[in-house]
Amino acid sequence: MSNPKNILIAFALILTTSSSAANKNFYFFKTIPPVEKKAIHNINSNPLSTYSPLWNTIKFNNLNTAKDAAFLTQEEKEVIWILNQVRYSPQLFLNSVLLNPKSKYYVAPSKRNYYYSSLVRDLKNAKSISVALLPDEKAFESAKCHAIESGKVGYVGHDRLNNCQQNFYGECCHYGDSDPMEIVLALLIDNNVPSLGHRKICLSPQYLTVGVSIQPHTTYRFNAVLDFLY
């Protein structure tokens, strides 16, 4: 994702209550899918260590809360690990990944669009979230069912198909990538989403647990569903 415009379809849904009649806010955008990427990190190797040796310190490795969650794939565990590190140390993530000229995610100031620049600003001002997101199996089953059913028919959106149960208070759906860093960055940059719904969900201290499922998608090759709970 060397250019913030290379971001795929994504949806964010925030439920303000647990009832089916809760207020729902949908956010949608679409651009051309990039070349498929694969996660290459061993789950015991920090995916952010290449950007700064500080990412290998014990306090950051302790944020790998999903490493023993047998119900998650390696890539799904990595999404949670990256999210936790961004939430715990937003300035280090900013300086080592987004503002590091050696990073493939670096974008020169003259080429940054509003959404990329606003993420830089938000991470500069963000406070550390000391409580890490924990993997939740019920939220995972909710995300997995929706990702599988959506993928089979090429559907995008939040409406549950084939009686998939809804178990979340905030949901992000991303289409096109299977690489954990690409998924997290797409949701954080939130390109062409004026309300920044995905970014707000991912960086909200209100959410304490999450389920992540990455599944094949007949239209966009992959879809990732992140279901968050308080």
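Within region 71-164, considering only helices (runs of 4 or more DSSP H) that don't extend past its boundaries, which have at least 1 residues that are of a type in the set (S, T, N, Q) and touching a residue at least 60 places away in the same chain (Cβ under 8 Å)?
So the answer is 114-125, 137-153.
Would you pick out the residues in region 39-66 that are of a type outside the set (A, V, I, L, M) and at pLDDT 95 or above?
Across region 39-66, the qualifying residue is only Thr65.
Return the total of residues in region 52-74 being crowded, with 20+ Cβ neighbours inside 10 Å and over 19 Å from Val131 (Cα atoms).
Total meeting the criteria: 1.
With respect to the numbered conditions (1) under 16 Å from Pro47 (Cβ atoms); (2) surrounded by fewer than 23 Cβ atoms within 10 Å (Cβ to Cβ), which one is the sole condition not fulfilled by Glu78?
(2)
Can you tell me which residue within region 100-121, out of those that are at pLDDT 95 or above and under 19 Å from the mean Cα position of the chain (by Cα), is farthest from Trp55 (Cα to Cα)?
Here the answer is Tyr115.
Which ones in region 208-230 are closer than 21 Å to Thr65 by Cα and surrounded by fewer than 23 Cβ atoms within 10 Å (Cβ to Cβ)?
Passing the criteria: Leu208, Thr209, Leu229, Tyr230.
Taking Gly157 and the conditions (1) among the small types (Gly, Ala, Ser); (2) in contact with a Cys (Cβ under 8 Å, 6 or more places away or on another chain); (3) within 21 Å of Leu208 (Cβ to Cβ), which numbered condition does it fall short on, given that it satisfies the others?
Here Gly157 meets the rest and fails (3).
For Thr50, state whether it is out of contact with any Gly (no Cβ under 8 Å at 6 or more places or on another chain), free of Cβ contacts under 8 Å to residues at least 12 places away in the same chain, more than 14 Å from Val184 (Cβ to Cβ) and part of a loop (DSSP other than H, G, I, E, B).
Judged against the criteria, Thr50 is a match.
Which residues, counting only those in region 183-227, are of a type in the set (Asp, Glu) and touching a Leu at 6+ places or on another chain (Cβ under 9 Å)?
Asp190
Give the residues of region 49-66 that are under 15 Å from Asp136 (Cβ atoms) and not hydroxyl-bearing (Ser, Thr, Tyr), sorted by residue number.
Across region 49-66, the qualifying residue is only Ala66.
Looking only at region 165-186, which residues are part of a loop (DSSP other than H, G, I, E, B), under 30 Å from Tyr51 (Cβ atoms) and of a type in the set (Ser, Thr, Tyr)?
Ser178
Checking Asp68 against (1) within 17 Å of Pro47 (Cα to Cα); (2) in a helix (DSSP H, G or I); (3) acidic (Asp, Glu), which test does it fail?
Failed condition: (2).
Which one is modelled with the highest pLDDT, of the residues in region 144-172 that are within 23 Å of Asp190 (Cα to Cα) and loosely packed, with under 14 Cβ neighbours inside 10 Å?
Checked region 144-172; the qualifying residue modelled with the highest pLDDT is Gly154.
The values are calculated or read from the model by the stated rules, or taken from the named source; none is laboratory data. None of the values given here were measured: they were computed from a predicted structure. Glycine gets a Cβ as well: all are built from the backbone with ideal geometry, and neighbour counts include every protein chain shown.
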